[in-house]
Structure formats: structure tokens, C-alpha cells
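Notes follow once the structure below has been shown.
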Amino acid sequence: MKVGRAIAEILKLEGIDVIFGYPRNAVLEQAAGIGIRTVIVRQERTGLHMADAFSRLSRGRRMGVFAMQHGPGTENAYGGVAQAYSESVPVLVLPQGYARRLAHVPDNYNACISMRDITKTAEPILLAAETPAILRRAFTALRNGRLRPALVEMPWDVLDEEVPEPLNYTPVITTRSAPDPEAVARVADRLIAAKRLVIHAGQGVHWAEAYDELRTLAELLAAPVSTSLEGKSAFDETHPLALGSGGAAIPGQLRHFLDRADLILGIGCSFSETAFGVSMPAGAKIVHATLDPADLNKGVPCIDALIGDAQLTLAMLIAACRERLTAPRDPAPVAAEIAEIEAQWLANWLPLLESDDAPLSPYRVLWDLQRTVDVANTIITHDAGSPRDQLTPYWKTRAPLSYIGWGKSTQLGYGLGLAMGAKLACPDKLCINVWGDAAIGFTGMDFETAVRERLPILSILLNNSAMAIELPIMPVATERFRATDISGDYAAFARAMGGYGERITTPDQIVPAILRGIAATEAGQPALLEFITAQETRASRL
């Protein structure tokens with residue numbers, strides 16, 4: 001069989017039933033021929049965002065795969081691969097490449113060279129017979145260790161060559177590792193001795209499905225739990241010990257407890273330094289439990305470390321702490337302190353969250369959204385900038401993977417593809433993306449993909465006719481040249497694309513419009529609700 005067909009067969013053996021892409025790429029047709037659903041997008045970056053969410057929501061069991069044309073298609077895809085890399089999401093990237101004799105000739109785009117810094121592995125197929133071995137290496141990278149994209153480049157001239165039959169390929173294994181038992185005992189002693197312990201959970205808890213273990217350890221030690229944006233929904237945020245999630249905007253109770261902690265246990269997180277993640281207090285004593293030793297001392301110094309799978313690590317810590325405790329600690333004092341500080345912080349924001357102003361407060365829109373949907377059966381994500389900061393501190397997740405968080409890189413337009421990929425992976429969930437009028441300018445045409453591919457998402461658009469977050473830093477450009485002004489009738493755009501579109505301008509119509517939008521999605525139609533909002537620049541930056 002030819003190389004393109006062999007790759008398609010390998011994908012099927014690895015459990016792939018959906019492939020995202022943009023023509024021309026020989027694998028797309030070959031995959032369709034053996035029953036793998038092809039999802040064609042309007043531009044490459046959105047397709048990678050969809051593959052990204054597909055991997056996340058299935059925890060890699062249905063691996064996201066994206067295939068694209070050589071040259072310009074691969075160039076356009078760069079941002080989506082970079083985003084998945086920064087967020088540690090496994091995606092198989094299958095670019096066509098220039099013929100082998102041209103692959104290193106300027107000015108031809110060589111994906112293996114140009115994308116090697118944003119992939120875990122990047123390898124071209126130079127000999128047809130090596131196709132199974134190359135895909136085996138790629139899938140091994142995708143399913144083991146630190147999860148990041150793997151790239152296999154397919155020169156166009158190799159695609160017509162023959163792979164020996166029968167195809168010699170067996171699906172790869174997935175492994176887990178556990179930390180050193182001596183280190184676990186040492187860390188358990190530290191946890192027991194701490195007077196103000198905080199557990200900070202990252203998305204490694206999601207990948208390891210370590211939700212029960214995280215809750216058990218927190219309840220055993222009466223320890224409050226915070227999460228990174230990527231880790232949000234790993235811990236029920238209505239739990240009395242929940243501190244919420246920190247990003248560029250942060251809940252008051254989270255900042256309060258982190259700043260007063262005498263020990264912080266980071267589990268399944270990288271502690272990468274980013275403007276869009278919660279910062280650890282200077283001088284904090286940190287125990288770092290992570291899968292990747294390259295994370296240690298990268299962003300913050302640690303006094304101890306555990307290397308391994310989050311579920312195995314937490315299970316070992318639970319056993320060690322139980323040996324050292326006669327009974328679980330009383331959570332009441334900690335829970336009372338959390339509730340008190342949260343109430344004080346929230347009181348400062350309730351005027352915005354419950355505002356009756358018009359133009360609408362974006363906080364009121366998202367506050368009403370949370371109180372209208374079934375949060376536990378909703379998957380929500382944000383876009384970069386104001387939508388992220390106006391959503392994350394206040395939205396309380398209740399179920400695992402009900403929130404798709406990100407913040408290592410912040411590409412505008414990311415949220416739409418994430419919501420569509422989530423809907424494809426979880427068709428029984430209400431999937432929502434919250435974005436602004438800047439983000440829709442980047443990827444808005446792919447709303448038509450949601451219509452065409454029958455992915456009935458709910459898109460919440462906050463339209464303030466400006467790049468509001470940029471107003472404080474571009475006052476002269478705005479006054480002289482209106483540089484931050486943007487505009488559009490996005491509800492009409494949604495209708496023109498075949499979806500449900502509605503513009504909302506008054507507070508009394510927020511909830512009824514949300515209900516109408518949900519009804520449209522339940523009838524199989526993607527919906528875009530355009531809320532005309534004030535140019536709000538306030539955020540909970542503590």
C-alpha cells in the first residue's frame with residue numbers, strides 16, 4: 001500500500017476516528033476512505049485548536065490529529081502547533097512537505113526544521129518502508145511522558161511510494177511512573193508539619209484522572225486547593241476547601257491563602273512563569289510534584305520534589321500521610337476562613353456582577369450565564385484578554401474537564417476551535433466559548449465550520465466596539481487615530497453563516513437570550529449571542 005494509505009491505517013489502529021485538516025493532504029482522503037471522519041476548517045490554526053480540545057476532552061484516548069498542505073498550509077498552522085506546545089497538549093501534526101530533493105532548498109518551508117522548537121518530536125518520512133517506525137515513535141511521544149505535539153512530515157514524492165505489506169504496526173503502549181518512596185516519605189513529613197499548607201493543582205491532574213486522590217488528600221489534611229488555569233475544574237470549586245483558579249485575574253481568597261502559606265504543594269503543574277498564571281509569593285517554600293523533571297526550579301525554586309504521574313504520586317502521599325495521622329484534620333476553620341475572605345472580595349465585584357447598566361456590564365452577562373446553564377454539564381472556555389479575566393475568577397466549576405483553561409500563550413481566537421473540538425468529543429454537553437470583538441476578527445469565519453460540521457456550540461460574544469484592554473496603554477493612538485476602535489454586526493454575521501444570531505442590549509434580556517441560544521443548540525444549530533457591553537477595563541488583579 002502507498003504511504004498515505006499506510007498512515008491512515010495506522011491512525012485507525014491507534015483508535016483515531018476523527019482527523020482535522022485543510023486540503024491538500026493525501027492522508028485526508030485516505031482516512032475518509034477507511035471511515036475516519038474528516039473535519040475541514042476554514043483556516044489551519046482553528047483546526048489545530050479543535051484537535052487540541054479533542055485530545056484534552058478524551059485525555060488522549062481519541063488523539064487529536066491535524067493534516068495540512070505543504071508550504072502555505074503548514075506555515076499558517078504554526079500558531080496552532082505553538083499553542084498546543086505551550087499548553088502541553090498532545091496533537092499529531094501531519095504536514096505534507098516539499099519533495100525530498102527540494103526540502104532543504106531556500107525558500108521552501110521545512111516543517112521539521114521550522115517546528116522543531118514547538119513539537120516534542122519532528123521527523124520526516126524519507127523512506128516509505130520506515131513509515132510504521134516513524135509513526136510508532138510519534139505515537140510513543142504523544143502517549144508517554146510530558147505531553148506535547150509530535151510532527152511527522154510527509155514529502156509529497158514519498159506519498160506515492162509503496163509500504164511493504166502486510167503492514168507491520170502494533171499500537172504503542174502507555175506507561176506511568178511513580179516517585180521515589182523515600183522522597184514521598186520526606187514530603188509527607190513536610191505536609192503534616194505545615195501549619196498553612198496550600199495544594200496547587202495543574203492540568204497533570206486532568207491527564208492522570210487524579211480527581212479523587214486530590215480531593216482525598218485535601219480533605220485528609222484540611223488543605224485549601226487552588227488550580228492553575230489549565231488545571232481549573234480538577235477540583236470542585238463549590239467544595240468548602242476550594243480557592244478557585246488563578247490567572248491574570250485572581251479571586252481574593254486564592255491570593256490571601258497563597259501569600260500566607262508556609263508550604264505550597266504543586267501537583268501536576270509546571271510553575272512556569274507567565275503573566276497569565278497565578279504568581280507564587282516570593283520566598284515561598286514549595287514542594288514540586290510533576291511528571292517532567294525539566295520543570296524543577298524553572299520558574300520557582302523548590303525545597304523538595306516528586307517526579308511521576310499525578311495519580312500515583314497523590315495515592316502514595318495519601319498512604320504516607322494516613323500513617324502519620326490518627327484521623328483526618330478538621331476542615332471547619334480553614335473552610336470558614338475561605339468563605340470569609342471570598343465574601344469580602346466578592347462584595348467589591350457584586351456591583352459589576354449584578355449591574356443593571358446599559359451598555360451591559362460584561363461581568364453581568366457572565367454572572368447571569370453561570371446562573372442559567374447547568375454548570376456541571378457545561379464545558380466552557382474563554383478567549384484571550386478581557387473575556388478570560390472577566391470569567392475565570394467568578395466561574396465555579398463543579399465537574400472535571402468542564403472548563404478548558406489556557407494561559408501559557410494567549411492567541412486571540414483560540415476559544416472558538418476549543419469549543420468546537422469539545423462539542424465533537426462530548427456531544428452531550430453544552431459547549432460554550434466566550435470571546436470579544438477582537439477575537440472574532442481572528443477566527444470568526446470558522447463559525448461556519450460549526451454550522452457545516454453540525455457542531456451546535458453556544459458562542460457568547462462581548463462586543464464593546466473596542467480593544468478595551470488596550471485603552472490604558474494606547475490613549476494617544478486612540479484619541480488621534482481611533483486605533484483601538486473595532487466594529488461589526490456579529491449576530492447578523494452568525495445568521496449569514498447559517499447559525500442562530502441575536503444581539504442583546506438590555507439587562508432584562510440577558511437570561512431570556514441565553515435560554516433561546518441554548519434552545520437553538522439543542523435543535524442542532526450553533527448559536528452566537530452578541531451582547532453590547534461597556535468598555536470595561538477593571539479586573540481582579542491582586
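The values are calculated or read from the model by the stated rules, or taken from the named source; none is laboratory data. None of these values were measured; they are calculated from a predicted model. Every residue, glycine as well, gets a Cβ built from its backbone with ideal geometry; the counts of neighbours run over all protein chains shown. In case anyone asks, the SASA skips ligands and DNA or RNA and just uses the protein heavy atoms, side chains included. Shrake-Rupley method; radii C 1.70, N 1.55, O 1.52, S 1.80 Å.
Residues of the range 209-220 being open to solvent by 10 Å² or more (accessible area, probe 1.4 Å) and within 21 Å of Ala188 (Cα to Cα), which ones?
Answer for the range 209-220, where residues must be open to solvent by 10 Å² or more (accessible area, probe 1.4 Å) and within 21 Å of Ala188 (Cα to Cα): Tyr211, Asp212, Glu213, Arg215, Thr216, Glu219, Leu220.
Scan the range 159-171 and give yes if some residue there is touching a strand residue (DSSP E or B) at 6+ places or on another chain (Cβ under 6 Å), more than 30 Å from Ala319 (Cα to Cα) and without any contact (Cβ under 8 Å) to a residue 60 or more places away in the chain, otherwise no.
Taking every residue of the range 159-171 in turn, none turns out to be touching a strand residue (DSSP E or B) at 6+ places or on another chain (Cβ under 6 Å), more than 30 Å from Ala319 (Cα to Cα) and without any contact (Cβ under 8 Å) to a residue 60 or more places away in the chain.
For the range 344-392, what are the residues that are modelled with pLDDT of 95 or more, in a helix (DSSP H, G or I) and among the hydroxyl-bearing types (Ser, Thr, Tyr)?
Answer for the range 344-392, where residues must be modelled with pLDDT of 95 or more, in a helix (DSSP H, G or I) and among the hydroxyl-bearing types (Ser, Thr, Tyr): just Tyr363.
So if I check each of Glu161, Glu130, which one is among the acidic types (Asp, Glu), surrounded by fewer than 20 Cβ atoms within 10 Å (Cβ to Cβ) and in contact with a helix residue (DSSP H, G or I) (Cβ under 7 Å, 6 or more places away or on another chain)?
Going through Glu161, Glu130 in turn, just one is among the acidic types (Asp, Glu), surrounded by fewer than 20 Cβ atoms within 10 Å (Cβ to Cβ) and in contact with a helix residue (DSSP H, G or I) (Cβ under 7 Å, 6 or more places away or on another chain): Glu161.
Could you list, in sequence order, all residues of the range 286-311 that are touching a helix residue (DSSP H, G or I) at 6+ places or on another chain (Cβ under 8 Å) and buried (at least 19 other Cβ atoms within 10 Å of the Cβ)?
Val287, His288, Ala289, Thr290, Leu291, Ala305, Leu306, Asp309, Ala310, Gln311
Residues are listed down the side, and each one gets a yes or a no for (1) open to solvent by 30 Å² or more (accessible area, probe 1.4 Å); (2) in contact with a helix residue (DSSP H, G or I) (Cβ under 8 Å, 6 or more places away or on another chain); (3) more than 28 Å from Glu182 (Cβ to Cβ):
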{"residue": "Val205", "(1), (2), (3)": "no, yes, no"}
{"residue": "Asp259", "(1), (2), (3)": "yes, no, yes"}
{"residue": "Ser272", "(1), (2), (3)": "yes, yes, no"}
{"residue": "Gly283", "(1), (2), (3)": "yes, no, no"}
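Tell me which helices (runs of 4 or more DSSP H) are completely within the range 446-519 and hold 1 or more residues being surrounded by fewer than 22 Cβ atoms within 10 Å (Cβ to Cβ) and modelled with pLDDT under 95, or say none if there are none.
The qualifying helices (runs of 4 or more DSSP H) are 475-481.
Which of the residues that make up the range 33-53 are open to solvent by 10 Å² or more (accessible area, probe 1.4 Å) and not in a helix (DSSP H, G or I)?
Ile34, Gly35, Arg37, Thr38, Ile40, Arg42, Gln43 - these are the residues of the range 33-53 that are open to solvent by 10 Å² or more (accessible area, probe 1.4 Å) and not in a helix (DSSP H, G or I).
Would you be able to say whether some residue in the range 93-109 is closer than 21 Å to Ala8 by Cα and in a helix (DSSP H, G or I)?
Checked the range 93-109: no residue is closer than 21 Å to Ala8 by Cα and in a helix (DSSP H, G or I).
Could you tell me which residue of the range 418-445 is farthest from Gly385 (Cα to Cα), considering only residues that are touching a Pro at 6+ places or on another chain (Cβ under 8 Å) and not in a strand (DSSP E or B)?
Lys423
Looking at Arg503, Arg516, which one is of a type outside the set (Ser, Thr, Tyr) and either touching a helix residue (DSSP H, G or I) at 6+ places or on another chain (Cβ under 6 Å) or under 13 Å from Leu462 (Cα atoms) (or both)?
Criteria check complete, one pass: Arg503.
Which residue pairs have Cβ atoms closer than 6 Å, lie 6 or more positions apart in sequence or on different chains, and pair a first residue in the range 276-297 that is more than 25 Å from Gly252 (Cβ to Cβ) with a second residue that is polar (S, T, N, Q) and in a helix (DSSP H, G or I)?
Ala289/Thr313
Looking at Ala425, Ala419, which is the one that is touching a residue at least 60 places away in the same chain (Cβ under 8 Å), among the hydrophobic types (A, V, I, L, M, F, W, C) and over 28 Å from Thr505 (Cβ atoms)?
Ala425
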